[in-house]
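The values are calculated or read from the model by the stated rules, or taken from the named source; none is laboratory data. Keep in mind that what you see is a predicted model, and the values were worked out from it rather than measured. Please note: Cβ atoms are built from the backbone with ideal geometry, for glycine as well, and neighbour counts cover all protein chains shown. Heavy atoms of the whole protein, side chains included, go into the accessibility calculation; ligands, DNA and RNA do not. Shrake-Rupley method; radii C 1.70, N 1.55, O 1.52, S 1.80 Å.
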Amino acid sequence: MIEEKYSPYAIETKWQKYWEDNKTFKVEMDKSKPKSYVLEMFPYPSGNLHMGHVRNYSIGDVVARFRAMQGFNVLHPMGWDSFGMPAENAAIKHGIPPAKWTLENIENMTKQQKALGLAYDWDREIATCKEDYYKWTQWFFELFYEQGLAVKRKSAVNWCDNCNTVLANEQVIDGKCWRCDNEVHKKDLEQWFFKITDYAEELLDDLNLLDGWPERVKTMQKNWIGRSEGLEFSFDIPALNEKLPVYTTRPDTVQGVTFAVVPPEHPIVEKMLTGNPNEAELRAFCDKVRNTSDIERTSSESVKEGMYTGFDCVHPLTGRNVQIWITNYVLFDYGTGAVMGVPTHDARDWMFATKYNIEKILVIQPEGSELKLEEMTDAYEDDGVMVNSGKFDGMKNTDAMAAIMDEIEALGVGKRRVNYRLRDWLISRQRYWGAPIPVIYCPQCGEVLVPEEELPVRLPENISFDTGSVSPLAACESFVNCKCPKCGGDAKRETDTMDTFLCSSWYYLRYTDPKNTEMPFDKDVNDYWGPVDQYIGGIEHAILHLLYSRFFLKVLRDAGLVSYDEPFSRLLTQGMVIKDGAKMSKSLGNVVSPEEILEKYGADTARLFIMFAAPPERELEWSDQGVEGSFRFLNRVWRIVHYFSNVLDEKVTTYNTEALDDADKELRRVLHSGIKKVTDDIEQRFNFNTAISTMMEIVNALYAYKDAKKDYNPGLVHETISNLIKMLAPFVPHITEELWQGAIDANSSIHDQSWPSYDESAMKVDNVEIVLQINGKVRGRLVVPSEATKEELEKIAMADETLKASLGDAQIMKVICVPGRLVNVVAK
RNA sequence: GCCGGAGUGGCGGAAUUGGCAGACGCACUUGACUCAAAAUCAAGCGCUUCACGGCGUGCCGGUUCGAGUCCGGCCUUCGGCACCA
């Protein structure tokens, strides 16, 4: 029995409880079944779900439920990325302990997630801030340490004054902090790094394995890793008896070198400054450069400035004297930290040389024209023919590259080299709410790892956040002071915590075996579930999270913990939810909260609208009227099932396909071609919006069938409605469960049903309307047998009176027949 | 500057292999039901024309019997990277 009126609230609460009580979505490893791991990026427990979350989880839920109906053993878990700054800020502002704040938010958001009717195995829920999770985060740190991939290193790091902590390169966006938008500056500190650069090559190459990733994301990672091939070679500095190594991607231009440049940070600078007649001036210049902000310093628009050091070096090929300048436009931490200057063939060097009147030598001439140095206003950076380059003259510059590199290698002054833009991952954070780095500093033994059996290093509670510039942990003496695990003497703990991106780099592995107390996960279990077959999340993680996770997994693979190369086989990057053309934000006042929509229409309507309004990768413009439309559709489904419920009550589930009238055949055709379309749309293209529109067409066909006759075919009605409900089930799980148990089968859950299959023969029609064209323009339509061959088509078409009339006296050149589609007569 | 997307009605969007452009929905119009409204059901709905027809997928050109789709050249816009030598 189903009620006459659709009441979402009652239905949704009822079935959510039913699923929870029956553990409908609990899964276990089962090697006899094919697995599918569907994962949405786990949220930060900020307090409330927003529409972006709802979209994310709705997409994942449709995929997970669809795969389950297809017979896969589906792992679909949820958890919390629950370390991080906001909890700490809440503590500072409102005096609420971060753990309390976080756990309360998790509780509230879990309630909101459950109201959406998501098919999660809640028994696998994890939270990165809990001891049984961060114990293993620390365990991984120690693994990386033992592999030589976690190292403490002094360097100029990015510092955010507002967050009072260092940041990884990936967390600096346009020179600003990714979280608070505050301008970042450099600070010399000793910090922990993960050597992601050791994996640069593989991280780049393996992007080729990721066929199921958007091109956009792969390109972003490729650009970020930034591989370049070139030549590293050295200039001798006779006065210092030192060498100055430089790196270039344009070895063809080396004969045009007229100066060399170093940044103030370069170690050679100190040697050139001490006792230099211009020492004071040079030092003042270095300080000035060091004090300009990073944004200014690395902007391509900023003016190139420099000072001649008074030192010269010797060009290894020409023997020419080359002046060494200190400048503001060279990056110390890329390549060798020093660069050769070729004014004629590099735009930056041109500006610099022009400003300081440094000599320019042209070594490449464009083919077909001749450049004259005195007429040039800019560097010539394109290809051409070598000149002023001795034995290389006349060669194409592209050929000269290899030849010159060979020459330099033969002379022993340099060699070919690959450089990456990618920098090592700075993982230390001067914050409290994170996983403590499990290291102890002993005056006797130095840097010592906390022994595995003593993990986790627990975060102390009852901590003061009013500590000024020192991090709360550093100010907590009971935490800092400890005994050395090696010698037992007094020692001090590392007080930095780990970047939360480290916690989230392995959470997808923990879901496969979340209760394991011996290991982060069992290898056999993880190898069954992994890798994630379908990952779904926002584009904002294109580099950060997705790059770190890939790196993490490769290290774990090399340590023998997993047997696959990439963590996420397929990735879907969902678009943003916007309203009135802009991202929903409090300041714009265009926020629609999931709670108000759920209250007014229910979860099914919210999910349906989100899946219908736009393809998943695109932006989704929120429309109140669109939501109304989705609600209307669900009511329409409800009413038509209710209308046919007495027919369904006959429980006739078969029918004779040979004894169907036209109305039956049409309904059957719409159903079966619909099943095919919906299946393909979900499975192959993730076109959920068109899948839904196809189901709308099936509903429209049911309404047409209702009015087309009186003596309904009960088997066909049953087939159509039961399959329609099944296909709708992944999108709108509550209403379909109610309709299923109320009208089809009271003794089973719709979410245990198999995905419908279709019958090709049902999709066939006897007659089909084709188009008659003359010279590609539509001139008429014709109903023909759908089986008609090209020859038959032509015969039928040429006999058509309207076509004959339209053709008149024109001479027929050619007739093109496409069965089932058209006949095109080419005539003059 | 380099790399990668996108551009189709009033709006969200569809067209999967080159074959009827605009599926499905929203908005709108009309009709039925109603005292009335809402809801529902039915019909219409690219532009232009009284009509026949003509025009139409950012722009220009090409290939083809036929182009939203393929090719060449642009324009606009969004995103990423960018003093990485």
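Just reorder A:Tyr134, A:Tyr420 by solvent-accessible area, largest first, 1.4 Å probe, all chains present. Mind showing how you got there, number by number?
Working: A:Tyr134 5, A:Tyr420 50 Å².
The residues order as A:Tyr420, A:Tyr134, largest area first.
For segment A:257-329, which GluC sites (Glu not before Pro) are both in a DSSP coil and crowded by at most 11 other Cβ atoms within 10 Å?
In loop regions of segment A:257-329 (DSSP not H, G, I, E or B), the sparsely surrounded GluC sites (Glu not before Pro) are A:Glu301.
Set the Förster radius R0 to 22 Å, insert the Cβ-Cβ distance between A:Asp382 and A:Glu409 as r into 1/(1 + (r/R0)^6), and round the FRET efficiency to 0.05.
Once the sixth-power term is evaluated, E becomes 0.25.
May I ask you to give the percent of accessible area on segment A:160-213 that is carbon plus sulfur, with a probe radius of 1.4 Å?
37 percent
Whole-Hz Karplus ³J(HN,Hα) for segment A:735-751, in order, using 6.51 cos²θ - 1.76 cosθ + 1.60 and θ = phi - 60°, x for Gly and Pro?
4, 6, 5, 4, 5, 5, 6, x, 10, 10, 8, 6, 9, 9, 8, 4, 7
Top to bottom by accessible area (1.4 Å), largest first, where do A:Phe552, A:Phe465 land?
Working: A:Phe552 0, A:Phe465 45 Å².
Putting A:Phe552, A:Phe465 in descending order of accessible area: A:Phe465, A:Phe552.
Using θ = phi - 60° and the Karplus curve 6.51 cos²θ - 1.76 cosθ + 1.60, what whole-Hz ³J(HN,Hα) does each residue of segment A:479-486 get, with Gly and Pro shown as x?
Ordered by residue, 3J(HN,Hα) equals 7, 5, 7, 8, 9, 6, x, 8 Hz.
With unit charges on the beta carbons (Lys and Arg positive, Asp and Glu negative) and the dipole taken about the Cα centre of chain A, which residue among A:Ile173, A:Met51, A:Ala280 sits farthest to the positive side?
About the Cα centre, the residue reaching furthest to the positive side is A:Met51.
Report the Stokes-Einstein translational diffusion coefficient (µm² s⁻¹, integer) for segment A:690-775, Rh taken as the Kirkwood radius over Cα pairs, at 25 °C with viscosity 0.890 mPa s.
For the chosen part, D equals 163 µm²/s.
Keeping every protein chain in place, order A:Ser748, A:Ser428, A:Ser464 by accessible area at 1.4 Å, biggest value first, i.e. largest first.
Result, largest first: A:Ser464, A:Ser748, A:Ser428.
Filter the cross-link list A:Lys23/A:Lys583; A:Lys186/A:Lys243; A:Lys176/A:Lys515 down to pairs whose alpha-carbon distance in this structure exceeds 32 Å.
A:Lys23/A:Lys583; A:Lys176/A:Lys515
For segment A:348-383, which GluC sites (Glu not before Pro) pass both filters: DSSP loop (anything but H, G, I, E, B) and at most 14 other C-beta atoms within 10 Å?
A:Glu359, A:Glu367, A:Glu370, A:Glu381
When the accessible area of segment A:5-55 is computed with all protein chains present and a 1.4 Å probe, what percentage of it is carbon and sulfur?
57 percent
Counting other Cβ atoms within 10 Å of each Cβ, which GluC sites (Glu not before Pro) in segment A:443-480 have at most 14 and sit in a DSSP loop?
Qualifying residues, ordered by number: A:Glu461.
Tell me the accessible surface of A:His541 in square angstrom (1.4 angstrom probe, heavy atoms of protein chains only), to the nearest ten.
Spelled out: A:His541, probe radius 1.4 Å, area about 50 Å².
Accessible surface of A:Val448 in the full protein assembly, 1.4 angstrom probe, to the nearest 10 Å²?
Approximately 10 Å² of A:Val448 is accessible to the 1.4 Å probe.
Multiply the residue gap between A:Arg821 and A:Val768 by 0.36 nm, knock off their C-alpha separation, and tell me the result in nm, one decimal place.
So the extension gain works out to 18.2 nm.
With everything on Cα atoms, drop me the angle between helix A:279-291 and the longest principal axis of chain A, reported from 0 to 90° to the nearest 10.
Orientation of helix A:279-291: about 10 degrees from the principal axis.
Per residue, how much accessible surface does chain A expose to a 1.4 Å probe? Answer in Å², no decimals.
For chain A, the solvent-accessible area averages 45 Å² per residue.
Go ahead and estimate [θ] at 222 nm for chain A from helices alone: -39,500 (n - 2.57) per DSSP H run with n ≥ 4, summed, over the residue count, rounded to 500.
-11000 deg cm²/dmol
Sort segment A:691-731 into rounded, prolate or oblate with this rule: let a ≥ b ≥ c be the square roots of the eigenvalues of the Cα gyration tensor; rounded if a/c is under 1.5, and if a/c is not under 1.5, prolate when a/b is larger than b/c, oblate otherwise.
oblate
Modelling each spin label as a point 7 Å along the Cα-to-Cβ direction, I'd like the A:Tyr643/A:Glu202 distance in nm, to one decimal.
6.1 nm
By a straight-distance test (C-alpha under 13 Å), which aspartates and glutamates pair with A:Lys111 as possible cross-link partners, with residues fewer than eight away in the same chain excluded?
Cα-Cα hits under 13 Å: A:Glu20, A:Glu595.
Where Lys and Arg each count +1 and Asp and Glu each count -1, what net charge lies around A:Val826 among other residues with Cβ under 12 Å from its Cβ?
Residues close to A:Val826 contribute a combined charge of +3.
Among the DSSP beta bridges whose two residues both lie in chain A, what percent are antiparallel, rounded to the nearest 5?
Working: 74 of 98 bridges.
Counting DSSP beta bridges with both partners in chain A, the antiparallel share is about 75 percent.
Size of the dipole of segment A:584-688 about the Cα centre, Lys and Arg at +1 and Asp and Glu at -1 on the beta carbon, nothing else charged, in debye to 20? Before the final figure, lay out each step's value.
On the way: 14 positive and 19 negative charges, 12 e Å.
With only Lys, Arg, Asp and Glu charged at Cβ, the dipole is about 60 debye.
Rounded to the nearest 20 debye, what is the charge dipole size of segment A:92-180 about its Cα centre when +1 sits on each Lys and Arg Cβ and -1 on each Asp and Glu Cβ?
320 debye
On a C-alpha basis, how far is the centre of segment A:403-444 from the centre of segment A:615-636 in Å? Whole number, if you could?
So the two Cα centres are separated by 50 Å.
To the nearest 10 degrees, how steep is helix A:397-411 against the longest Cα principal axis of chain A, on a 0 to 90 scale?
Taking the Cα atoms of chain A, the angle to A:397-411 is about 50 degrees.
Only four residue types carry charge here, +1 at the Cβ of Lys and Arg and -1 at the Cβ of Asp and Glu. Report the dipole size of chain A about the Cα centre in Debye, rounded to the nearest 20. Don't skip to the answer; put the middle values down first.
Working: 94 positive and 127 negative charges, 160 e Å.
I would put it at about 780 debye.
Within the accessible area of segment A:519-639, what % is carbon and sulfur when the probe is 1.4 Å and the other protein chains stay in place? Don't skip to the answer; put the middle values down first.
Values: 2280 of 4650 Å².
C and S fraction of accessible area: 49 percent.
Tabulate in residue order the Karplus-calculated ³J(HN,Hα) for segment A:231-240, using 6.51 cos²θ - 1.76 cosθ + 1.60 with θ = phi - 60°, rounded to whole Hz; enter x for Gly and Pro.
Rounded to whole hertz, the list is 10, 10, 8, 10, 9, 7, 10, x, 5, 10.
How would segment A:557-677 be classified by its alpha-carbon gyration tensor: rounded, prolate or oblate, with rounded meaning a/c under 1.5 and the a/b versus b/c comparison settling the rest?
oblate
Which one of A:Val257, A:Phe233, A:Thr219 is farthest out on the positive end of the charge dipole of segment A:206-268, using unit charges on Cβ (Lys, Arg +1; Asp, Glu -1) and the Cα centre as origin?
The listed residue farthest towards the positive side: A:Thr219.
Once both axes come from the Cα atoms, what is the angle between helix A:544-558 and the longest principal axis of chain A, in degrees from 0 to 90, rounded to 10?
80 degrees
Can you bin chain A into rounded, prolate or oblate? Criterion: square roots of the alpha carbon gyration tensor eigenvalues sorted a ≥ b ≥ c, rounded for a/c under 1.5, prolate for a/b above b/c, oblate for the rest.
oblate
Suppose each label sits 7 Å from its Cα in the direction of the beta carbon; what would the A:Thr789-A:Thr398 distance come out to in nanometres?
For the pair A:Thr789/A:Thr398, the computed spacing is 5.3 nm.
Compute the relative contact order of segment A:296-342 as a whole-number percentage, counting only Cα pairs closer than 8 Å that sit 6 or more residues apart in sequence.
Relative contact order of segment A:296-342: 32 percent.
Using the Cα centre of chain A as origin and beta-carbon charges of +1 (Lys, Arg) and -1 (Asp, Glu), tell me which of A:Gln112, A:Thr24, A:Tyr601 is placed farthest towards the positive end of the dipole.
A:Tyr601
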